[in-house]
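The values are calculated or read from the model by the stated rules, or taken from the named source; none is laboratory data. Quick caveat, the model's predicted, so the values are computed rather than measured. Note: ideal-geometry Cβ built from the backbone for every residue, glycine included; neighbour counts use all protein chains shown.
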Amino acid sequence: MSAPAGLEAAARGALALIGDGARVGLGTGRAASAFIAGLADRARAGLSVTCVATSEASARQARAAGLRVVALDEAGELDITVDGADEVTPDLDLLKGRGGAFVRERIVAAASRRQVIIVGPEKLVATLGATGPIPVEVIPMALGFCTRRLIAIGIHVAPRLDESGRPFVSENGNLVVDVAAATPFADANAARACDGVVRAIPGVVDTGLFFGTAEIVMVGHPDGRVDTRRRPH
């Protein structure tokens, strides 16, 4: 299924940032898929790139389209990572991971000189967590312990299930729970405070809250217009 016109337009905007010889991190999800398809078109036209994928799905798509995909250790420092997001605030903080790849997405973004996010306008929110729960990846043996700790600090916890109704297992072999604070975050400081408390629980691997990682967010609209937002330096 093709991506909406807005995501296609945002993907084209991100493609303009890719130079010959670039080492490119590939995100996961519908927005990233649109970018991968466009990057493959440019590669067939002569652009040379080396890619690192954040999921097996993105790696399969990229390889099938003829892109060179290598492990992060082989690539070294990346020039740019292009990915989507589930939520974007006005200061470009992100909520990611409703597709389940957020731990690898964070690692690849951290290994990149810049992270560019492509979204549609429906992903713009005033505060993180506005449209749904926050994913948290947990080591399997710690699931019960982490769940009890989260509930004790007033956080609602729902185990994530896959399409067959079994516990969702990440590509890292861990479990994912979806959590929500008792009250909506008032601001970015409240979101950061909650993130710190959750990360401090032994057994928690990561959360889907991304603070200060995105340099540019490209918001693609259905009419093809792209609104480019940059993080102030």
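Screening residue 41 against (1) more than 25 Å from residue 206 (Cβ to Cβ); (2) assigned to a loop (DSSP other than H, G, I, E, B); (3) not aliphatic (A, V, I, L, M) leaves a single unmet condition, (2). Can you find even one residue in region 8-22 that is at pLDDT below 95, in a loop (DSSP other than H, G, I, E, B) and in contact with a Gly (Cβ under 9 Å, 6 or more places away or on another chain)? No, there is no match, as no residue in region 8-22 is at pLDDT below 95, in a loop (DSSP other than H, G, I, E, B) and in contact with a Gly (Cβ under 9 Å, 6 or more places away or on another chain).
If the condition is being surrounded by fewer than 21 Cβ atoms within 10 Å (Cβ to Cβ), hydrophobic (A, V, I, L, M, F, W, C) and not in a loop (DSSP other than H, G, I, E, B), then region 53-68 contributes 57, 59, 64. Test residue 103 against the criterion of being of a type outside the set (Asp, Glu), in contact with a strand residue (DSSP E or B) (Cβ under 8 Å, 6 or more places away or on another chain), modelled with pLDDT of 95 or more and part of a strand (DSSP E or B), and give yes or no. Criteria not met by residue 103. When the residues of region 126-169 are filtered to those that are of a type in the set (Ser, Thr, Tyr) and in a loop (DSSP other than H, G, I, E, B), which remaining residue is surrounded by the fewest Cβ atoms within 10 Å (Cβ to Cβ)? It comes out as 164. Restricting region 170-195 to residues that are closer than 17 Å to residue 101 by Cβ and aliphatic (A, V, I, L, M), the residue that is surrounded by the most Cβ atoms within 10 Å (Cβ to Cβ) is 176.
Per-residue answers, yes or no, for (1) buried (at least 21 other Cβ atoms within 10 Å of the Cβ); (2) within 19 Å of residue 85 (Cβ to Cβ):
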{"residue": "6", "(1), (2)": "yes, yes"}
{"residue": "19", "(1), (2)": "no, no"}
{"residue": "25", "(1), (2)": "yes, yes"}
{"residue": "28", "(1), (2)": "yes, yes"}
{"residue": "47", "(1), (2)": "no, no"}
{"residue": "51", "(1), (2)": "yes, no"}
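The residues of region 196-233 that are surrounded by 21 or more Cβ atoms within 10 Å (Cβ to Cβ) and among the acidic types (Asp, Glu) amount to a single one, 206.
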